[in-house]
Amino acid sequence: ARPHHSIWNYFVECDDRLHRIHRLPPITKETHNADFYTASQWFIISKEFAHFLANPEDTESGTFLKEYLDYIQHAVVADEHFFGTVLRNTHFCNKHHNWNFLHLQFDRWENEIELAKRDGRKCVMPDKNHCGRSPTTITLDQLDILQLSGDLFARKFVDEVDTKVKDVIDTLRMKEEFEHVALNITKPRGDGDKPKVDLSLEGHGT
């Protein structure tokens, strides 16, 4: 997704709170030959992309990376904007696989809550009704939905809210792994049935 440039503000953290200092000048395709992108905080990157992020001086695209890093480091939730924007504005732009394996469930936005009861950490923009939201805490009540999703990852889990749901998930995983191993032991395998490693995404971005 492409966020509007009006959200770019310079923040500093002090006393466990974010404080907005000033507006960042907008960067646009017309003025800087770059577009902003918003992406998930949860992703997998290739070894090549990780090397590029750590060693921007090794390629011509590294100039954008270094300049953008200086710009974005004080933006709110910078990780949701940094990696996707770098990926889409460098030579990795055609190596993006938008596959989502993360299970999330959301409730209401923070600005839908009565003003006095809002979490101020989610409402840091000049407009106090411009707020974020967090995923719903997964409990045993959502376990069936989680299993049906088929996702590999999930959030969020809070022990203070539900102490049993992770134990139940671990038990179910152990049962499935045991059944899978038992099936492989009883199934005859010929020399031509050796498993093959999938390298189709090797060298790609995220």
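The values are calculated or read from the model by the stated rules, or taken from the named source; none is laboratory data. Please read all numbers here as calculations on a predicted model, not as lab measurements. Calculation scope for accessible area: heavy atoms of the full protein, side chains included, ligands and nucleic acids excluded. Shrake-Rupley method; radii C 1.70, N 1.55, O 1.52, S 1.80 Å.
In table form, for the structure just shown:
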quantity: For LYS117, solvent-accessible area (1.4 Å; no DNA, RNA or ligand), Å²; calculated: 150 Å²
quantity: For region 1-123: accessible area per residue (Å², 1.4 Å); calculated: 67 Å²
quantity: Solvent-accessible area of LEU183 with every protein chain in place, 1.4 Å probe, in Å² to the nearest 10; calculated: 100 Å²
quantity: Three-way shape label, region 1-82, alpha-carbon gyration tensor, a/c 1.5; calculated: prolate
quantity: Within the accessible area of region 4-122 (1.4 Å probe), percent carbon and sulfur; calculated: 51 percent
quantity: Amide hydrogen neighbours beyond the local backbone of ALA154, cut-off 5 Å, H modeled; calculated: HIS103
